[in-house]
Amino acid sequence: MFINKIYIILLIFMKTKPGFIKLFYILLFLLFSASVLAIPITGNGRIAGKITDKSTGLPIPGATITIPDLKIGASTDTSGIYVLKQLPKGEYLVEVTAIGYASATKVIDLGNTYSVDFKLSASNYELADVVVTALGNTTTKQRATIPITVVTHNMMLQDVSNTAIDEIAAQPGINETTEGAGTTKPQINGLGFDRVLTLMDGVPQEDFQWGDDHGILIDPYAVYAAEVIRGPASLQYGASAAAGVISFKSEPLPENGVVAGSLLTEYHTNNGYLGTSLHVAGNHNGFVWALTTSGEEAHSYSDPKDGFVWGTAWNQVNARLTLGLNRSWGYSRLTLSALHRRIEVPDGNRDSTGRFMFDTPQNGQVYPTRSDFLSYAANIAGDKILDEYQAWWQNSINVGKGRIGFDIGFTQSVHHDIDTGIVGSGNLLVNDIPYSLKYQLAGGQSGLKLTTGINGIYEFQHNGAAPPAPYVADYEIPNYTNFEIGGYAIIEKNFNNLTLSGGLRFDRTDFVGDAMSLNGAGSIVPSGTPGSMVQFTGFNNTYTGPSGSIGASYRLPDNNYVKLNISKSYRAPAINELTSNGLNIGSNAVQLGNINLKAEQGYQVDIAYGYNGRDVSFEADGFYNHISNFIFADRTDSVSQGYPVYQYVSSNTAIITGISGYLNIHPSGAKWLEIDNGFTYIYSHLPNSSDSTSHIPWIPAPHLTSEIKFRLDDRHNSILQGTYIKLGLQHDWAQNDIYSALYTEIPSAAYTLFNAGVGTNFVNAKTGKVLCSLYVNCTNLTNVAYADHLNLAQYFLAYNGQPVTVTRQNQGIYNMGRNISFKLIIPFGTADGKAKATSESNEMHY
């Protein structure tokens, strides 16, 4: 009966899918169903125990017990008792977290019935040593040999964001490029786009990651937490991870016998952002499922210099369904996702007074009215329609003392560029089949971990048909196929205080691009047609390269630790770098590729020193990255259609160095106080270049964040619990180390922003059950007019439709002004037919 309900949900879900990919989804679902029917519903793994305060011995209600490799968790009851059952056999790393306590980890053999108790030490700093899974071998943040940033669910709840990238961009070593509030792309240690791999539950986001004119197509409400590898991760993930990896994770599935979820609603005053999300998940004797649906929309944002910024409205809807099995032999999970985004792209078109104008008159109007600025219909200015469809099948099978993992999926990314009117001038369809086969062995007592396997992706892209007259087609890249495969092995050995880790990998990338010719009307015609023009020449390029890493972490006396890692990265050129030939409407630039580019080869050294004490925690990280055959878009002195022309070129060498770190003060004698600080400084250099071309473009400015948080005491029988007040600032120094030739970049001015926030849980005073949680934040409290150095919209300027080169920062579009956000979360759930209480709503999904 329960399976029948899931089939009904799937049929409803499938109605949102294009016919081209339904067959693949149906095939995956049939394979998944076969595993459901063929395997008896048994899972022998089980753990239970009690979580207590190490000092007082009192139980800790609401503590969370998670098995990250299984993506499953549970919460303790009012007596501190937890139970997890119907689990796969095998050894797994278990993590326990609770608000106001340092996390604890332990390797547990789920093949036996265990009674495992945990004693937690009081601490306001929850990130002292948490579990990380993005490195291939599951380990802890402190034992990892390279710098890793963990962004917890609690941190995401208490901050304000428009996109998934916003949720991590304030962390040390991490930044984002923007083209409006809804268009963000990540940077790690000064590098982004094709050098940063973004994952959602392990699925590579290949949604035109090379473009700066739309964001990562991930629903922020589907994200529960994130891990960021801040350094080359080619060893684990291949050529797309030369700068690092961002691994977004959905909420852990509930314990057996539970159906639970939450309803979220959110509003922002500046751009009228409206967000709503419903999440519900359940576990019935090891059959697990989760459903997330959400919608977001925003009108044009405003800043003190420009007023409302025309062309920054956007809207998005998403549905995500996960079905899974936990059995004694392992687990199997199938995830289906459909996302639709429509987003305007500002072009900075103004009159001589600086007033925003329509690109073409609308209903006889030349200028947007207030109702246009406040409209949620993101289809008046130049805009994009972006769709992302995903199917992802993950499997883990126990084999002896190890596990075999097999993952395969299908993603389809649809991209329509609409400059004016309603017809797309650029229409791209990219299909990807990511795959991974690996073997993992973790000897709990010996401290030895091994992961070896192959992974990669098969990608095929097709341009849509030319639009009808009077619209003109825009073909930026050719039809192509791309096959990537890499084999790797990673070994980690844990001693008492020492961890050694290393590995090797070899990758091969094969590009095959089709020739394309156009007639005078811009339509595709057979090559050699009289009067036709060659848009793309056919090509067949193969790239190969090794990757590797070796490192160590050592826990010194008195809670000090050090890390050292040396890595070799490899990155094949991306399709846009090889073949671009046309106007990128969203970037306001004509881009030209180069099929003769070589693969990048990088060598990076990371070193870190840290301390985790009762009152203070800090870490300082330094890195040196030397990249040969470095590829970037170089602005030429040519102009086409009024837009600047950029040519992809390769420098002999690029050098990037930097330091980042954090300082968290959490006095054990003043549990009501926490002060958190973060810092990032990155410097780049292109040797043997002139002064105007001696720096890599788009390196972030030096950046400091500081936040002080005051926690109010939870009074007995009070309806308010977990209440806090926070005050923060962000300071960016001026960035003058720029690629200034031909105004590719302009210097950015320093700025300081002040922020504030408050949050609380409304509870039933008698039962302690959380009824709802409320978070209120104000960013840019003093309404400062500023332009971040990585705000690419500041380079968008046109007068009466004619593009103009920006030579001063105050000519372009500024970042958002003051914004107040309100976030309300209502948790719900049942356990074996009874209401499920939880002592901390910020452990629920949002």
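The values are calculated or read from the model by the stated rules, or taken from the named source; none is laboratory data. Keep in mind it's a predicted model, so treat the numbers as computed, not measured. A quick note on method: Cβ atoms are made from the backbone with ideal geometry, for glycine too, and the neighbour counts reach across all protein chains shown. Accessible surface is based on the protein model in full, side chains and every heavy atom, while ligands, DNA and RNA are left aside. Shrake-Rupley method; radii C 1.70, N 1.55, O 1.52, S 1.80 Å.
Here the peptides 625-634, 213-222 are ranked by packing, the mean other Cβ count within 10 Å, and the order with the highest first is 213-222, 625-634. Which whole-number percentage describes the relative contact order of the chain, with Cα contacts under 8 Å and a sequence gap of 6 or more? It rounds to 11 percent for the chain. Apolar share of the accessible surface for the chain: 59 percent from carbon plus sulfur atoms, 1.4 Å probe. For the range 439-565, the relative contact order is 21 percent, taking Cα pairs closer than 8 Å that sit 6 or more residues apart in sequence and dividing their mean separation by the residue count.
The range 315-364 and the range 585-655 have Cα centres spaced 26 Å apart.
Of the labelled options (1) 107, 51, 50; (2) 100, 74, 50; (3) 79, 57, 55, which one gives Cα extents along the principal axes in Å as computed for this structure? Of the listed options (1) 107, 51, 50; (2) 100, 74, 50; (3) 79, 57, 55, (3) comes from this structure. The coefficient of translational diffusion for the range 192-276, derived via Stokes-Einstein from the alpha carbon Kirkwood radius under 4 °C and 1.567 mPa s, stands at 86 µm²/s.
Quote the Stokes-Einstein diffusion coefficient, in whole µm² s⁻¹, for the range 587-655, based on the Kirkwood radius over alpha carbon pairs, a temperature of 37 °C and a viscosity of 0.692 mPa s.
Values: Rh = 15.4 Å.
So the translational diffusion coefficient is about 213 µm²/s.
Sorting the segments 711-724, 153-166 by their mean number of nearby beta carbons within 10 angstrom, highest to lowest, gives 153-166, 711-724. A simple spin-label model places the labels of ALA515 and VAL784 5.7 nm from each other, with each point 7 Å out along Cα-to-Cβ.
Would you calculate the separation in nanometres between label points at GLN641 and SER121, each defined as 7 Å from the Cα along the Cα-to-beta-carbon direction? Label-label distance for GLN641 and SER121, simple model: 6.1 nm. Across the range 473-604 the C-alpha pair distances fall into 10 Å bins from zero in the proportions 11, 27, 22, 16, 12, 8, 3, 1 percent.
Ordering TYR267, GLN187, GLY231 by Cα displacement along the dipole of the range 153-298 toward the positive end leaves GLY231 in first place; charges were set at the Cβ atoms of Lys, Arg (+1) and Asp, Glu (-1). Once divided by 2.2 N^0.38 Å, the Cα radius of gyration of the range 630-716 becomes 1.87.
What value, in deg cm²/dmol to 500, does the helix sum -39500 (n - 2.57) over DSSP H runs of n ≥ 4 give at 222 nm once divided by the residues of the chain?
Numbers: 6 runs with 52 residues, N = 846.
One gets -1500 deg cm²/dmol as the mean residue ellipticity at 222 nm.
The Stokes-Einstein estimate for the range 139-238, based on a Kirkwood radius over Cα pairs and taken at 20 °C with 1.002 mPa s viscosity, is a diffusion coefficient of 153 µm²/s. Ellipsoid semi-axes for the range 336-483, based on the Cα gyration tensor and the rule √(5λ), read 48, 19, 12 Å when sorted largest first. When each of the peptides 370-377, 230-237 is scored by the mean number of other C-beta atoms lying within 10 Å of its residues, the order from highest to lowest reads 230-237, 370-377.
Would you please give the FRET efficiency between THR767 and TYR435, computed as 1/(1 + (r/R0)^6) with r the Cβ-Cβ distance and R0 = 45 Å, to the nearest 0.05? With R0 = 45 Å, the Cβ-Cβ based efficiency is 0.40.
Want the number for ILE485 to LEU556: 0.36 nm per residue separation, take away the alpha-carbon distance, what's left?
Values: separation 71, 0.36 × 71 = 25.56 nm, distance 3.97 nm.
Working it through step by step, the gained length comes to 21.6 nm.
A 1.4 Å probe run over the protein chains yields, for the range 274-377, 33 Å² of accessible area per residue, whole-number rounding. Using equal-weight Cα scatterers in the Debye expression, the normalised intensity of the range 440-521 in log10 at q = 0.16, 0.21, 0.23 Å⁻¹ is -0.76, -0.98, -1.05.
Using a 1.4 Å probe, what is the accessible area per residue for the range 693-732, in Å²? Intermediate values should be presented prior to the final figure.
Details: 1980 Å² over 40 residues.
Ligands and nucleic acids excluded, the result is 50 Å² per residue.
For GLY238, the amide hydrogen comes within under 5 Å of no other amide hydrogen, counting only partners 5 or more places away or on other chains and with H modelled in the peptide plane. Given the pairs LYS54/LYS823; LYS50/LYS89; LYS50/LYS438; LYS185/LYS449; LYS563/LYS671, which span a C-alpha to C-alpha distance of over 28 angstrom in this model? Over 28 Å Cα-Cα: LYS54/LYS823; LYS50/LYS438; LYS185/LYS449; LYS563/LYS671. Once the 1.4 Å probe is applied to the protein heavy atoms, the range 80-225 comes out at 23 Å² accessible per residue.
Helix 19-38 versus the longest principal axis of the chain: what angle, 0 to 90°, nearest 10, using Cα atoms? With rounding to tens, the tilt is 10 degrees.
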